[in-house]
Amino acid sequence: MKFGTKAIHAGVEPDPTTGAIMTPIYQTSTYVQRSPGDHKGYEYSRTHNPTRTQLQNALAALENGKHGLCFASGMAAIDAVVKMLSPGDEVISTNDLYGGSYRIFTKIFQNYGIKFHFISMADINNIENYVNENTKLLWVETPTNPLLNIIDIKGAAAIARKHNLKLVVDNTFATPYLQLPLDLGADIVMHSLTKYMGGHSDVVMGALIVKDDELHEKLAFIQNASGGTPGPQDCFLLLRGLKTLHLRMQRHCENGRAIAQYLKNHPKVEKVFWPGFEDHHNHAIAKNQMRDFGGMISFVLKGDKMEDAIQTLERFKFFALAESLGGVESLCGHPASMTHASIPREERMKGGLSDSLIRLSVGVEDIEDLIADLEQAIG
Ligand SMILES: *Cc1c(COP(=O)(O)O)cnc(C)c1O
């Protein structure tokens, strides 16, 4: 199956009891047993729920994995991965990271004796400088948020294999439409389904996708034991969103390309961050591991003044000023004070995230309207 066909059909079966083509919302917490232990595979909805099962299967199919696991949020999915570790273990992560990931690593898991290194992975050879006998996990986000750096997944997978580490890729920005980390050697794909996968800004959810049975068993144990699972109504919304993932992503990419070019030529714009530019630091890797370059763009205005950025953000009409990304509607944001406020300024600046950086999540509206909005907002 090609990707678009998969998005609509893979992993999802018409309901066996009625033939309903869309997966029903099994709004139930428990399931009747004929005799103790004699049931139809469902006992309690924290452990299994038929709506969630179909979503997990669909996600596994889209990521070319074998098993999917859904969580009540992207953060709950991240939480489950790190819970596989023990005190003394070490994680090597990128320094240009989703703020919430940085927060859970440093403010929660560091207190449990797990050590995190936040390093530049623009050149993946840098990773080996931080590997020691306690290293267990490599945490990669690509493209990164909000600077759109690109990390070589295949290269990171080779390093992980060599040192017997597990490679996790946060695939939230790219989605399986653009890149397939498991095919490139990753062990775990992590998603905030809240973003492009759901695609309609109406649900918060996360997921993990793996190929390996043993790894799945460990993570499924944590999913059930810790209990950060989503409800069936939300799983239904996700299943509905996935059916148009390929259509939405195609338009996000088209609009993203047009806006990146527009901003690059704008006299008031200093710098544009978008992996599709030939002079992007890791453009060649992006071209190699991604189908297209997505709808996320960041830029800095000439003069790099925080007030100019704030005023521009206030003037937008179609780009709504909001946290989050990946919905059908265009959003704009100010990472330094919004999504990345939990990262200390010094850490932010080290990675190049300046105070005046504006981040765009380019939606699927008509491009003429979006360009006109940028025109009037930047002035
Ligand atoms: C939003 C996001 C998360 C966290 O997901 P939630 O669904 O908000 O809990 C993790 N990683 C990235 C890249 C994100 O954009």
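Could you calculate the contour length gain from LYS40 to SER337, that is, 0.36 nm times the residue separation minus the distance between their Cα atoms, to one decimal place in nm? Before the final figure, lay out each step's value.
Numbers: separation 297, 0.36 × 297 = 106.92 nm, distance 4.98 nm.
Stretched out fully, the LYS40 to SER337 stretch lengthens by 101.9 nm.
Whole number in Å², please: accessible area per residue of the chain, 1.4 Å probe, ligands, DNA and RNA not counted.
Working: 16440 Å² over 379 residues.
Each residue of the chain exposes 43 Å² on average to a 1.4 Å probe.
Give me the extension gain from MET1 to GLU270: residue separation times 0.36 nm, minus the current Cα-Cα distance, reported in nm with one decimal. Let's see the in-between values first.
Numbers: separation 269, 0.36 × 269 = 96.84 nm, distance 4.33 nm.
Fully extending the segment from MET1 to GLU270 adds 92.5 nm.
Around SER226, with a cut-off of 14 angstrom between Cβ atoms, what is the net charge of the other residues, counting Lys and Arg +1 and Asp and Glu -1?
On the way: positive: ARG46, LYS83, LYS218; negative: ASP79.
Net local charge, SER226 excluded: +2.
Which percent, to the nearest 5, of DSSP beta bridges fully inside segment 3-240 are antiparallel?
Details: 12 of 29 bridges.
Once the DSSP bridges in segment 3-240 are tallied, antiparallel ones form about 40 percent.
Please list 93-106, 6-19 highest first by mean number of surrounding beta-carbon atoms within 10 Å per residue.
Working: 93-106: 21.0, 6-19: 13.4.
Answer by packing, highest mean first, reads 93-106, 6-19.
Could you tell me what fraction of 2.2 N^0.38 Å the Cα radius of gyration of the chain comes to, as a two-decimal ratio?
Values: Rg = 20.8 Å, N = 379, 2.2 N^0.38 = 21.0 Å.
Relative to the 2.2 N^0.38 Å estimate, the chain comes out at 0.99.
Sequence gap at least 6, Cα distance under 8 Å: using those rules, report the relative contact order of segment 245-378 to the nearest whole percent.
Relative contact order here is 28 percent.
Estimate the FRET efficiency between GLU314 and ASN125 by the formula 1/(1 + (r/R0)^6), using the beta-carbon distance for r and 35 Å for R0, to the nearest 0.05. Write out the running numbers ahead of the final one.
Values: r = 43 Å, r/R0 = 1.23.
With a Förster radius of 35 Å, E is 0.25.
Where in the chain are the DSSP H helices whose C-alpha atoms run 27 Å or more along the long axis and whose mean Kyte hydropathy is at least -1.0? Kindly include the intermediate steps, with their values, before the conclusion.
On the way: long enough: 245-264 (28 Å, -0.78).
The qualifying helices are 245-264.
Under 5 Å between amide H atoms, partner at least 5 residues away or on a different chain: which partners does LYS166 have, H built in plane at 1.01 Å?
LEU137, LEU138
Return the Rg/Rh ratio of segment 1-149 with Cα-based radii and a Kirkwood Rh. All intermediate terms of the calculation are to be shown ahead of the outcome.
Values: Rg = 20.0 Å, Rh = 18.5 Å.
Reported Rg/Rh, Kirkwood definition of Rh: 1.08.
With an 8 Å Cα cut-off and a minimum separation of 6 or more residues, compute the relative contact order for segment 1-156 in percent.
Details: 186 pairs, mean separation 27.2, N = 156.
Relative contact order comes out at 17 percent.
To the nearest 0.05, how large is the calculated FRET efficiency for ASP15 and LYS305 if R₀ is 51 Å and r is the Cβ-Cβ distance?
Numbers: r = 57 Å, r/R0 = 1.12.
Step by step, r from the Cβ atoms, then E = 0.35.
Of the listed peptides 328-334, 194-200, what is their order by residue-averaged count of other C-beta atoms within 10 Å, with the highest listed first?
Details: 328-334: 20.1, 194-200: 24.0.
Per-residue Cβ counts within 10 Å, averaged per peptide and sorted highest first, yield 194-200, 328-334.
How far, in nm, would the chain grow between PHE221 and GLN250 when pulled straight, counting 0.36 nm per residue and subtracting the alpha carbon separation? Walk me through the intermediate numbers first.
Values: separation 29, 0.36 × 29 = 10.44 nm, distance 3.63 nm.
In short, 6.8 nm is gained.
How high is the relative contact order of the chain? Use alpha-carbon pairs under 8 Å, at least six apart in sequence, and give a whole percent.
Worked out over the chain, it gives 18 percent.
Need the list of lysines near LYS350 for cross-linking: C-alpha distance under 24 angstrom, and skip anything on the same chain fewer than eight residues off.
Reachable lysines: LYS107, LYS115, LYS264, LYS271, LYS302, LYS305.
Using per-residue counts of other Cβ atoms within 10 Å, averaged over each peptide, order 77-88, 211-222 from highest down. It would help to have the intermediate numbers written out before the result.
On the way: 77-88: 18.5, 211-222: 15.9.
For the peptides 77-88, 211-222, the packing ranking is 77-88, 211-222.
The values are calculated or read from the model by the stated rules, or taken from the named source; none is laboratory data. The model shown is predicted, which means the values in this text are computed figures rather than measured ones. All Cβ positions, even for glycine, are placed from backbone atoms using ideal geometry, and neighbour counts span all protein chains on display. Just the protein is used for accessible areas: all its heavy atoms, side chains included, with ligands, DNA and RNA removed. Shrake-Rupley method; radii C 1.70, N 1.55, O 1.52, S 1.80 Å.
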